[in-house]
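K.L.:
Dumping the structure here so I can ask a few things about it.
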Amino acid sequence: MTDKKFSAASLAAQAMGWIDPVTKAVVPPIHMASTYLRDEDNGYSSGRIYARADNPTFDQAEATLAALEGGAKALVFSSGMSAATACFLALAPGDHVVVPKVMYWSLRNWLANFATHWGLKVEFVDADRTDAIAAAVRPGATKLVWIETPANPTWSVTDIAAAADIAHRAGALLGVDSTVATPVLTRPIEFGADIVMHSATKYLNGHSDIIAGALVGARDDPHWAKLRTIRAQLGTILGQTEAWLLMRGMRTLFPRVDWACRSAQSLAERLAAHPMVTEVLYPGLPSFAGHAVSLKQMTGGFGGMLSVRIKGGERAAIATAARVALWKRATSLGGVESLIEHRASIEGPGTPCPPDLLRLSVGVEDSGDLFDDLDQALRRADNA
Ligand SMILES: *Cc1c(COP(=O)(O)O)cnc(C)c1O
């Protein structure tokens, strides 16, 4: 199966069409070995030495992800955080980086605390404004521009092609956290990104049963080799069972994301007309600030994530989340079960998240059921 002949959806469904050469199994084994036999001539003809560097169980997931993103190579990591932080640890103390104000909160904390103490000069910008990114880059000093689009938890959108252009003119790389868009909807490398990062915990796995991360590199170059070395030295590799579960989940990535997009679009439109909702934040709504840019860089839908702002503020938002039955009150996103979260109380002080906001991760349940459940919760919260 070559990626020239078949579409990305077909490649994902069959995990690149891999068949075990010996047993003809259509599903790969899980390789448990931590070490590999050395040849009599002292070499390692298998190319494998020790499993802190890699594991054959990663191969399919990494090859599939590289194909889906249109990249040269992929690496799976122990978490989205270890994948993202590797991109910053590949820089040197003193380097300048430009990152968004609105982004995954745990990475924002790591950048504001660990990365700055380690010596990176970290500049937070309104990344939905291209001119703010352009004003922040320092030619020669900026080594990485990092964006997340759509960005947690307001789904603000960054123009990837414009950010890539600004980064490259300054001599920097562009890294994109594309967890929410998934390769089904956006392929950042086509718009000039150098590195694509995923929390594979989310849509790529899709079943809320592993923690995993991934990077995809546009080029197999010395910078990519550095990222591979960081993973091997820090040991931030994915467990072999998790790698197997990731590949199993990725086979249904396209139908899951397609279903979630259609439900999220319908929910966004219906909730926008709800008397208890003051604002719906969703890239698929024409009224949303990032809609025009989303049309340029998202195809097939606008994602399964949306946020709603509730009339009655924080109290009403928390009361609504308390009264759902089908939606599950939990953090995380991108699984088959729909999740609802009062995000400001998770992010804590300094969050850019409004206190009246509920974050919704739309799964693959019936979208009418999802709307009805939210509707009764919103109405009961109003009377509480
Ligand atoms: C969850 C998430 C992360 C962190 O990934 P983990 O797998 O939890 O380490 C990073 N970015 C985004 C957008 C996320 O949703």
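The values are calculated or read from the model by the stated rules, or taken from the named source; none is laboratory data. This one's a predicted model, so the numbers in the text were calculated from it and none came from an experiment. Here Cβ is always computed from backbone atoms with ideal geometry, including for glycine, and neighbour counts include all displayed protein chains. For accessibility, only protein heavy atoms count, side chains too; no ligands or nucleic acids. Shrake-Rupley method; radii C 1.70, N 1.55, O 1.52, S 1.80 Å.
K.L.:
Excluding residues on the same chain fewer than 8 positions from Lys73, give the lysines whose Cα lies under 16 Å from its Cα.
P.N.:
Leaving aside lysines fewer than 8 places away in the same chain, those within reach of Lys73 are Lys226.
K.L.:
At a threshold of 8 angstrom on Cα-Cα distance, excluding pairs fewer than six apart, so keeping six or more, what relative contact order does the stretch 8-250 reach in percent?
P.N.:
It rounds to 25 percent for the stretch 8-250.
K.L.:
Take the solvent-accessible surface of the protein heavy atoms, probe 1.4 Å, and return the percent of it on the chain that carbon and sulfur atoms account for.
P.N.:
56
K.L.:
Just to compare against my own numbers: the Cα pair-distance distribution for the chain, 10 Å bins, whole % per bin, please.
P.N.:
5, 23, 32, 24, 12, 3, 1, 0
K.L.:
Could you work out the percent of alpha carbon pairs in the stretch 73-230 separated by over 23 Å, rounded to a whole number? Working shown, then result.
P.N.:
Numbers: 3562 of 12403 pairs.
The share of Cα pairs beyond 23 Å in the stretch 73-230 comes to 29 percent.
K.L.:
Once every DSSP H run of n ≥ 4 in the chain is given -39500 (n - 2.57) and the sum is divided by its residues, what mean residue ellipticity at 222 nm do you get, rounded to the nearest 500 deg cm²/dmol?
P.N.:
Numbers: 14 runs with 140 residues, N = 384.
The per-residue figure over the chain is -10500 deg cm²/dmol.
K.L.:
Can you list, largest first and rounded to whole Å, the semi-axes you get for the stretch 250-357 by taking the square root of 5 times each eigenvalue of its Cα gyration tensor?
P.N.:
Working: eigenvalues 107, 60, 38 Å².
Result for the stretch 250-357: semi-axes of 23, 17, 14 Å.
K.L.:
Would you tally the net charge around Val27, using a Cβ to Cβ cut-off of less than 9 Å, leaving Val27 out, and scoring K and R as +1, D and E as -1?
P.N.:
So the surrounding residues net to 0.
K.L.:
Out of the stretch 96-147, which trypsin sites (Lys or Arg not before Pro) are coil in DSSP terms and have no more than 15 other C-beta atoms within 10 Å?
P.N.:
Those satisfying the criteria are Lys101, Arg129.
K.L.:
Once the cut-off is 16 Å, how many percent of the Cα-Cα pairs in the stretch 138-177 end up in the long-distance tail?
P.N.:
Summing the P(r) of the stretch 138-177 above 16 Å gives 35 percent of all pairs.
K.L.:
Looking at the chain, what % of its DSSP beta bridges pair antiparallel, to the nearest 5?
P.N.:
Details: 25 of 43 bridges.
Roughly 60 percent of the DSSP beta bridges within the chain come out antiparallel.
K.L.:
If you find the alpha carbon centre of the stretch 178-252 and of the stretch 344-374, how far apart are they in angstrom?
P.N.:
Using only Cα atoms, the two centres lie 25 Å from each other.
K.L.:
Moving to a separate point now. Running Debye on the stretch 1-159 with equal point scatterers at the Cα sites and no solvent, what base-10 log of I(q)/I(0) appears at q = 0.11, 0.18 Å⁻¹?
P.N.:
Evaluating at q = 0.11, 0.18 Å⁻¹ gives log10 I(q)/I(0) of -0.67, -1.13.
K.L.:
Tell me the per residue accessible area of the stretch 1-152 using a 1.4 Å probe; a whole number in Å² is fine.
P.N.:
Result: 47 Å² per residue.
K.L.:
Can you list the lysines whose alpha carbon is less than 19 Å from that of Lys202, not counting same-chain residues fewer than 8 positions off?
P.N.:
Hits, sequence-local ones excluded: Lys328.
K.L.:
Next up: What is the ratio of the Cα radius of gyration of the stretch 160-282 to 2.2 N^0.38 Å, with N the residue count, to two decimals?
P.N.:
1.28
K.L.:
Right, next: Any idea what angle helix 253-272 forms with the longest principal axis of the chain, computed on alpha-carbon atoms, 0 to 90 degrees, nearest 10?
P.N.:
Its long axis makes an angle of about 20 degrees.
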